[in-house]
Amino acid sequence: MRILFLGDVVGRSGREAVLAALPDLRQRLGIDLAVVNAENASHGFGLAPDMAQSLFAAGADAITLGNHSWDRREIIPYIAAEPRLLRPLNFPPGTPGAGSVVVTLADGRRALVASAMGRLFMDALDCPFRGTAVELSRHRLGVTVAAIVIDFHGEASSEKMSFGHSFDGQVSLVVGTHTHIPSADHQILAGGTAYQSDAGMCGDYDSVIGMAKQGAAAKFWQKMPGERLQPAEGPATICGLFVETDDASGLARRVEPVRLGGRLSQAMPSV
Ligand SMILES: [Fe+2]
Ligand SMILES: [Fe+2]
């Protein structure tokens, strides 16, 4: 199975780049399953229902969120009715929406997509490790589902690597989100799980993690409340990860970065 994961979509710049490129990327790379983190799509904060609909229409099979899940309140009734939109599974019991979904691909194969959120330098939540273990106890890679993709939304690379190693061999891919900076540690772990500490964002990199740089830097110079951060509006780099799995085992055979457009060095898997 060929999987494309795209990191946090930030603002109009990120949204328009992903909407324009996703159909072509799916075709060019022969993608079977595309997952997009869109927690910053709405002006940097949250995701509006119409934006989720356009990402699905452009080819996202599932959309993940993170700490910005509820910044656009209109998403609360939407997520309750849209199983392909995920918030982290370790939110408290009773939170609207779900943290995982089994997606059925065009050819009938099934894939589990899940979202979990870290706790180091993040909001206090239920344990993402135990929550994910419970979720995975309901599925068997290569048996009940052909692939399992987990978006681990977190700040600290130590927590992300610990999470990756904890589920190595049980899932196809653990990919980090939230820092908005792509890490260069994409690899296949010892047990066969593809891993990258952070996918990076789909947004303008002439910025501070996607937000206009002057306003963001001012928050460090002046320890005073400033103006609300605005997303940077220059050309976006689409950042993500391409993974090819073995259908019999569900484990990874290939993992390669994707960086397209904007300011970052370009990377595109050859298929
Ligand atoms: Fe984000
Ligand atoms: Fe985040």
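Any read-out appearing in this document is the output of simple, stated calculations on the displayed coordinates, not a laboratory observation. Quick caveat, the model's predicted, so the values are computed rather than measured. Cβ: placed from backbone, ideal geometry, glycine included. Neighbour counts: every protein chain shown.
Worth a mention:
- Tilt relative to the chain, helix 49-58 - C-alpha long axis, 0 to 90 degrees, to 10: 50 degrees
- Spin-label model, Arg253/Gln187: points 7 Å from Cα along the beta carbon direction are separated by 2.3 nm.
- Extension gain, Arg140 to Ser158, is 3.8 nm, computed as 0.36 nm per intervening residue step minus the present C-alpha separation.
- Cα Rg, Dmax, the chain, angstrom units: 17.2, 56
- Just so you know, the Rg over Rh for segment 118-252 is 1.06, from Cα atoms, with Rh as the Kirkwood radius.
- The separation of segment 132-168 from segment 195-218, counted between C-alpha centres, amounts to 25 Å.
- The spacing between segment 7-29 and segment 91-124, judged by their C-alpha centroids, is 21 Å.
- Built amide H within the under 5 Å cut-off of Ala212, gap 5+: Gln230, Ala232
- Cα-Cα separations in segment 99-189 greater than 21 Å, expressed as whole percent: 30 percent
- Taking the convex hull of Cα positions in segment 1-66, its mean projected area over all directions (nm²): 3.8 nm²
- Residues of type aspartates and glutamates that Lys219 reaches as a straight line, Cα spacing below 13 Å, ignoring anything fewer than 8 places off in the same chain: Glu227
- Gaussian network model of the chain, Cα within-10 Å springs - most flexible of Ala116, Ala190, Ala212: Ala190
- GNM top mover of Tyr205, Tyr195, Tyr78 - the chain, alpha-carbon springs below 10 Å: Tyr78
- Among Asp71, Asp198, Asp107, the largest mean-square fluctuation in a Gaussian network model of the chain, built with springs joining Cα atoms closer than 10 Å, belongs to Asp107.
- Close amide H pairs (under 5 Å, H built 1.01 Å from N) link Ala98 with Arg87, residues at least 5 positions away or on another chain.
- For segment 191-252, a Kirkwood hydrodynamic radius built from all Cα pairs, placed in the Stokes-Einstein relation at 25 °C and 0.890 mPa s, yields a translational diffusion coefficient of 171 µm²/s.
- Degrees separating the helix 11-29 axis from the principal Cα axis of the chain, which is the longest one: 30 degrees
- Proxy reagent accessibility, fewest Cβ within 10 Å first, across Val143, Val174, Val101: Val143, Val101, Val174
- Fraction of alpha-carbon pairs over 19 Å apart in segment 1-123 - percent: 44 percent
- Based on Cα contacts under 8 Å between residues 6+ apart, segment 1-110 shows a relative contact order of 22 percent.
- Using a cutoff of 8 angstrom between alpha carbon atoms and counting only pairs six or more residues apart, the relative contact order for the chain works out to 19 percent.
- Sites listed here are chymotrypsin sites (Phe, Trp or Tyr not before Pro) in segment 102-158 whose DSSP assignment is loop and whose Cβ has at most 13 other Cβ atoms within 10 Å: Phe121.
- From phi via Karplus (6.51, -1.76, 1.60), per-residue ³J(HN,Hα) for segment 179-194 in Hz, x at Gly/Pro: 6, 6, 10, x, 8, 9, 9, 4, 6, 9, 5, 4, x, x, 8, 6
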